2 protein chains.
Amino acid sequence: MSSAKSKKIHILDTTLRDGTQAEGVSLTVDDKLKITRKLDWLGFDYIEGGWPGSNPKDVEYFSLVGKEDLGTSRVTAFTSTRRKNTGVSEDAILGKVVEVSPQACCVFGKSWDLHVKTALGTTLKENLAMITDSVSYLREKGIEVIYDAEHFFDGYAANPEYALRTLEAAAAGGASFITLCETNGGALPHGIYSAVKDVAARIDVPLGIHAHNDSELAVANTLEAVRAGCVMVHGTVNGYGERCGNANLISIIANLQLKMGYECIPPDNMKRLTEVSRYIDEIANLVPDPRQPFVGNSAFAHKGGIHVSAIKKDSSTYEHISPEQVGNQRRILLSELAGASNIKLKSREFNLDLEKDTEKVSSILRKIKNLENSGYHYEGAEASFELLMRREAGNYRKFFDLEGFRVIIESEEDGTLRSEATIKVSVDGVREHTAADGDGPVNALDNALRKALEKFYPTLKDLSLTDFKVRVIDARQGTAAKVRVLIESRDPGSEWGTIGVSENIIEASWEALVDSIEYKLLREESSG
Amino acid sequence: MSSAKSKKIHILDTTLRDGTQAEGVSLTVDDKLKITRKLDWLGFDYIEGGWPGSNPKDVEYFSLVGKEDLGTSRVTAFTSTRRKNTGVSEDAILGKVVEVSPQACCVFGKSWDLHVKTALGTTLKENLAMITDSVSYLREKGIEVIYDAEHFFDGYAANPEYALRTLEAAAAGGASFITLCETNGGALPHGIYSAVKDVAARIDVPLGIHAHNDSELAVANTLEAVRAGCVMVHGTVNGYGERCGNANLISIIANLQLKMGYECIPPDNMKRLTEVSRYIDEIANLVPDPRQPFVGNSAFAHKGGIHVSAIKKDSSTYEHISPEQVGNQRRILLSELAGASNIKLKSREFNLDLEKDTEKVSSILRKIKNLENSGYHYEGAEASFELLMRREAGNYRKFFDLEGFRVIIESEEDGTLRSEATIKVSVDGVREHTAADGDGPVNALDNALRKALEKFYPTLKDLSLTDFKVRVIDARQGTAAKVRVLIESRDPGSEWGTIGVSENIIEASWEALVDSIEYKLLREESSG
């Protein structure tokens, strides 16, 4: 490992090109510019922004990105080789690339003899000429060229000699890197390792790897390719991409840089990985995967009682790296599997100082076990848990008293439904009786409650509910089943989750709503 | 590869034990029994059901699962070794295992000298005795023992000789398998390969591998361990588990069995993988990951224009396996052609004879696409789908007309909630206006609707609602989000599922309720 110390790995991000092939991912030009800036901030070497020959949106992107003042990243286009039997300077698709004048361009071509014949319908010789011509043409125009050998590993298995000759054709054209593409995502790590070893022994141009995750092996295949000699890695942030996605750069960079002695981005930027991952999910309008390695919200979350007590003694017992290294954080979860040590840790977090009050700790623990038996589940509802602990610990004041509410859902003559909530609350003896409509009964209640309380607590205007989950607990009871409602809330400073459980979905939602509001008021009071 | 042909790999599923350590996963005893039956149907060798020493729910599971008539799976408990410096027969936790008498038991112990000293606070020698004693004690009670060497790879790196001695201690106790656990999920594939090679040269007992996904390498680490000699694999369905999850058995089995020549489950069961994956997500109330390798809804979905036309010529151009091999299907996105053939197939199933009515088929298809865009999802709601097709096909009569309803949810003085529904329906011109209470608004509506209709259709007495699921579709809308309600119903003859979607949970539930009742009446009419 020490011989590879600090060896540079060139990162080519294709979130904006291959990543947008993912089902459900669609980025505007403005989204693409935002992501470009963020990836540059992280320190990627190449950002593949699109295929100017394929659609006008990508042409617009290149014209706008030229005005950006980027630091480390080279903006890169994508294109195919020239068409068969045409002069390279007359090729319309390559012409589009020259027009947008990117700093670099990935040119993809065929490595698999079968595809040359069936998909391109040309000769093996013409395919080699198409590769050399296209690469050298763009080089002459002052554009750096990275050659992408599509289906390389399948082609190499079918006809190794011809596959290698396609790479030599790219080298002859002046490619600065040659990328071996595992296009179908079906290869296994040990197969990748030995094929890359063979290629590295024959080809002098620096090699890259481009892997897909169809076998849940894209990260491993990439690491093995690097071990075998590749010095460039293609992938996408969070593994976006067609089918099961491209290789996930977040995990690849973390493994290469924290464990294998390579340098992909400036070391000080490693702690930006979590922020970049979540930012790009946000722009792409995708819910972040809590289980995502390194950067997910659950990646350093501990639930089992044994684990929690061990983590307290030494975090390396159940953590492979320290979460701060990638800008993430450790979380201790609450669950039926946990014991007194969790409660004590939490009380410290909440400044409740219960560590020595064994009796109170075990009364809280009993209360939680009872609540969990009746369907409560505090993992996603830390704020409700904190309120519960504070109420049990005895240092808690009520911010408002609920005197009653009523919700009416009624079908109008035209078949549409109207939902109205009326509510009576009092704050320090002042009663407020108000009503509101909503999209459904829970939304009506939410609106009525805020309307009543905003007079007393104007900062509630900043509170927004960002997530609302409903889980039926004992489904066999049919419509009389118990439901669990989880609500996530946010204000400009933070996010929190609350819970309610009842046979009545309105009551469960109400409980979670009230906790959310109380939690916000509590935090403001203690910080103010 | 041919030498490994059909070599048996023993699968131990720990979805019910390690999988429930995942944040957001909480299974009832009934859920666990359902999952057990499904995993047995798939053909797993061992199902680790829980830790009887840790909580009463797991004890209940073992007492109930004993009454199940399972085919291939051995139900397996989990436990630690005995405590230090105590007689093994007095150990309360091991005693719990004997009490529930599982067919097999995983016993976990320490391999890392540092942990023996710091976490256990005992001597290296006593730890070896704890391992041997615990294994042999359970063996004497007639229970097969699988020994789990926790933190094996870290322990082996720190003190290889001692780590190997812990395995020998388990072998001496009579363990049938010794599992090397990569507990922290930090190891790399090539490191796993060489460590397992070393161990296999020294230990005669068959070896297993237990990996976690903290580095996005759990599947690769497992495959490398098998290549190096492991014959048992631990993991969870869909990779549930603490932090970033356990090794995903779905991907592991698909790789080992379809690409590497091993046999994990009966070959005919491979096409059950997709169904099992989605079923377990459903039971755990998790949204299936569309990008999940092999079984995800997007795993064989093609979007890029080039890919789609190539796939039409030869599916192997962009698919590493054929989707049917794992029970999944290819999807061409944004193509209307795929749908029409499905509609025709369905119309035949429902005796609707639409095969030649191209216009009607495409109007149904358009309607379905619109509904799916607005959140409908007919996989679990075939009855609603049939009703939709019949309504569109024009041969459908209404069994009742709904003239209106109202639901009131009101807090009483003592804080409890009362839910009342009133409803007006007419059947063949006869109007019924009635009211009912319920446990929550949906139950009240359900009660009122049946009360009104049973006078006209007495067989509705046989109808029971067996399942009620709620999923929030666009959670970011907070309490104004759209919800999808799925209801499963049953009568003495059959079961069926219906769906409703709305911003208003009452309306969504109502829609699914009405479909359920109409479907029952329709079936009786056509059979009677």
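Once you sort the root eigenvalues of the Cα gyration tensor of region A:3-283 as a ≥ b ≥ c, which label holds: rounded (a/c under 1.5), prolate (a/b larger than b/c) or oblate (the other case)? Can you show the working numbers first?
Numbers: a/c = 1.61, a/b = 1.14, b/c = 1.42.
Oblate, because a/c is 1.5 or more while a/b does not exceed b/c.
Out of all DSSP beta bridges with both ends in chain A, state the antiparallel percent to the nearest 5. Spell out each step's value before the answer.
Numbers: 36 of 75 bridges.
Expressed as a percentage, antiparallel bridges in chain A total about 50.
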Unit charges at the beta carbon, dipole of chain B: most positive-side option, B:LEU180, B:ASN127, B:LEU521: B:LEU180
Average beta-carbon neighbours from other chains, 10 Å sphere, peptide B:107-114: 1
For the protein assembly as shown, accessible area per residue (1.4 Å probe, heavy atoms of protein chains only), Å²: 38 Å²
Rounded accessible area of B:TRP51 (nearest 10 Å², 1.4 Å probe): 40 Å²
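Once you have the Kirkwood Rh of region A:84-191 from its Cα pairs, apply Stokes-Einstein at 10 °C and 1.306 mPa s and quote D in µm²/s.
Values: Rh = 14.1 Å.
My calculation gives 113 µm²/s for D.
Report, in debye and to the nearest 20, how large the dipole of region B:390-502 comes out about its Cα centre when Lys and Arg carry +1 and Asp and Glu carry -1 on their Cβ.
Details: 18 positive and 20 negative charges, 130 e Å.
That gives a dipole near 620 debye.
Accessible area of chain B with a 1.4 Å probe: how many percent of it is carbon plus sulfur?
48 percent
Heavy atoms only, probe 1.4 angstrom, no DNA, RNA or ligands counted: give me B:THR81, A:THR459 ranked by accessible area, highest first. Provide the component values of the computation, followed by the final result.
Details: B:THR81 15, A:THR459 50 Å².
Most to least solvent-accessible, the answer reads A:THR459, B:THR81.
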Relative contact order computed over region B:121-169 (Cα-Cα under 8 Å; 6+ residues apart), in percent: 43 percent
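Per residue of B:400-411, what is the mean number of Cβ atoms on other protein chains within 10 angstrom of that residue's Cβ? Before the final figure, lay out each step's value.
On the way: counts 0, 0, 2, 2, 5, 4, 6, 9, 5, 13, 7, 11.
Across B:400-411, the average partner-chain Cβ count within 10 Å equals 5.
Please list B:GLU524, B:GLU324, A:GLU216 from largest to smallest accessible area, probe radius 1.4 Å, with all protein chains kept in place.
Numbers: B:GLU524 65, B:GLU324 105, A:GLU216 40 Å².
Ranked list, largest accessible area first: B:GLU324, B:GLU524, A:GLU216.
Using helices alone, I'd like the mean residue ellipticity at 222 nm for chain B: each DSSP H run of four-plus residues gives -39500 (n - 2.57), total over residue count, nearest 500. All intermediate terms of the calculation are to be shown ahead of the outcome.
Working: 16 runs with 204 residues, N = 528.
Result for chain B: -12000 deg cm²/dmol, rounded to the nearest 500.
With +1 on each Lys and Arg Cβ and -1 on each Asp and Glu Cβ, and nothing else charged, work out how big the dipole of region A:3-283 is about its Cα centre, in Debye to the nearest 20.
Working: 29 positive and 37 negative charges, 88 e Å.
Dipole magnitude for region A:3-283 comes out near 420 debye.
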Number of partner chain Cβ atoms within 10 Å, mean per residue of A:415-426: 2
Relative contact order %, chain A, counting alpha carbon pairs below 8 Å whose residues are six or more apart: 9 percent
Listed residue (B:TYR396, B:SER419, B:SER374) projecting farthest to the positive dipole end of region B:363-442, Cβ model: B:TYR396
Assigned charges on the beta-carbon of Lys, Arg, Asp, Glu; the protein assembly as shown dipole about Cα centre (debye): 1900 debye
Top positive-direction residue, dipole computed over chain B with Cβ charges, set B:LEU365, B:ASN85, B:SER509: B:LEU365
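Can you list which of the trypsin sites (Lys or Arg not before Pro) found in region A:356-408 are DSSP loop residues with at most 16 other C-beta atoms within 10 Å? Present the calculation step by step, with values, prior to reporting the outcome.
Working: sites: A:LYS356, A:LYS360, A:ARG366, A:LYS367, A:LYS369, A:ARG390, A:ARG391, A:ARG397, A:LYS398, A:ARG406; in loops: A:LYS356, A:ARG397, A:LYS398.
Answer in residue order: A:LYS356, A:ARG397, A:LYS398.
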Solvent-accessible surface (1.4 angstrom probe) belonging to B:LYS469, in square angstrom, nearest 10: 50 Å²
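May I ask you to rank A:LEU256, B:LEU417 by accessible area, largest first, using a 1.4 Å probe over the protein chains only? Please list the in-between numbers first.
Working: A:LEU256 0, B:LEU417 40 Å².
Listed by decreasing accessible area, they come as B:LEU417, A:LEU256.
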Selection of GluC sites (Glu not before Pro), region B:18-88, meeting DSSP coil and at most 14 other Cβ within 10 Å: B:GLU68
Distance violations [Cα-Cα > 26 Å] among B:LYS84/B:LYS141; A:LYS32/A:LYS117; B:LYS67/B:LYS110: A:LYS32/A:LYS117; B:LYS67/B:LYS110
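The values are calculated or read from the model by the stated rules, or taken from the named source; none is laboratory data. Nothing here was measured: the structure is a model prediction, and the numbers come from that model. Positions of Cβ are generated from backbone atoms using ideal geometry, with glycine treated the same way; all protein chains shown enter the neighbour counts. Just so you know, the surface numbers come from the protein's heavy atoms only, side chains and all, with ligands and any DNA or RNA stripped out. Shrake-Rupley method; radii C 1.70, N 1.55, O 1.52, S 1.80 Å.
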